[in-house]
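To keep things clear, I will list the structure first and then write my remarks on it.
The values are calculated or read from the model by the stated rules, or taken from the named source; none is laboratory data. Keep in mind the model is a prediction, meaning the values are calculated, not measured. FYI the Cβ positions are ideal-geometry reconstructions off the backbone, even for glycines, and counts take in every protein chain you see.
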Amino acid sequence: MDLSNNRFSGQIPEEVGQLVSLQMLNFSHNNFIGPIPASFRNLVALESLDLSSNKLNGRIPSQMSKLTFLEVLNLSGNNLVGPIPHGNQFDTFDNDSYSGNLGLCGLPLSKQCVNPKEAEPPAPLMVEHKGSKVPFFWQVIMMGYGSGVVLGLSLSCIVFVTGRSWWLVRMVERDLQYKFV
């Protein structure tokens, strides 16, 4: 669908996201304002998206990185801000796809996201609730395991190097006497 070079204005309708079989969408060189609709994540067959030379603002929806057939992306000449989504096809687009959006940051642009509100946090390996004791619990277990391994290796080294384990045998016998007497 090529609706470029018209005088369309206002926001891009959310209903465009219902055109799930759409393979090409060109809304370039219009007067669209507002954000890129989040419903674009539904355009799973989309291979080419050109929203260049409009007045779009806000962030690029991170859900758009799920569009795995997207080969061509042109968002240049807008007022988009924030981090560029990464993953899947978004890792293949170059600087030209985003030129003219001075508020964008992150790869492939040379401008890095320095503001913590701009940067996307890395996806957590484990989902945890605020105040959860699970990560602390695993730290304690790993510290105990590590200490046990070091102690075990040290004792076995002493036993094999000296060739005498008599002190270990006495200690075990003493413990057994107290338990069974």
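Looking only at segment 50-89, count every residue that is of a type in the set (Lys, Arg) and either within 14 Å of Gly106 (Cα to Cα) or out of contact with any Phe, Trp or Tyr (no Cβ under 9 Å at 6 or more places or on another chain) (or both) and tell me the total.
Of the residues in that region, 2 qualify.
Quick grid of which residues meet (1) at pLDDT 60 or above; (2) in contact with a helix residue (DSSP H, G or I) (Cβ under 6 Å, 6 or more places away or on another chain); (3) of a type in the set (Ser, Thr, Tyr):
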site: Ala123; (1), (2), (3): no, no, no
site: Glu128; (1), (2), (3): no, yes, no
site: Tyr145; (1), (2), (3): yes, no, yes
site: Ser154; (1), (2), (3): yes, no, yes
site: Phe160; (1), (2), (3): yes, no, no
site: Phe180; (1), (2), (3): yes, no, no
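With respect to Phe32, determine if the residue is in contact (Cβ under 8 Å) with a residue 24 or more places away in the chain, in a strand (DSSP E or B), assigned by TED's automatic domain parsing to the domain that holds Gln89 and in contact with a Gly (Cβ under 9 Å, 6 or more places away or on another chain).
yes
What's the number of the condition Ser4 fails, among (1) without any contact (Cβ under 8 Å) to a residue 40 or more places away in the chain; (2) farther than 23 Å from Pro108 by Cα?
Exception for Ser4: condition (1).
Among the candidates Phe90, Phe40, which residue alone is in contact with a Ser or Thr (Cβ under 6 Å, 6 or more places away or on another chain), surrounded by 15 or more Cβ atoms within 10 Å (Cβ to Cβ) and not in a loop (DSSP other than H, G, I, E, B)? Break it down stepwise before answering.
Details: Phe40 fails: in contact with a Ser or Thr (Cβ under 6 Å, 6 or more places away or on another chain).
Result of the check over Phe90, Phe40: Phe90.
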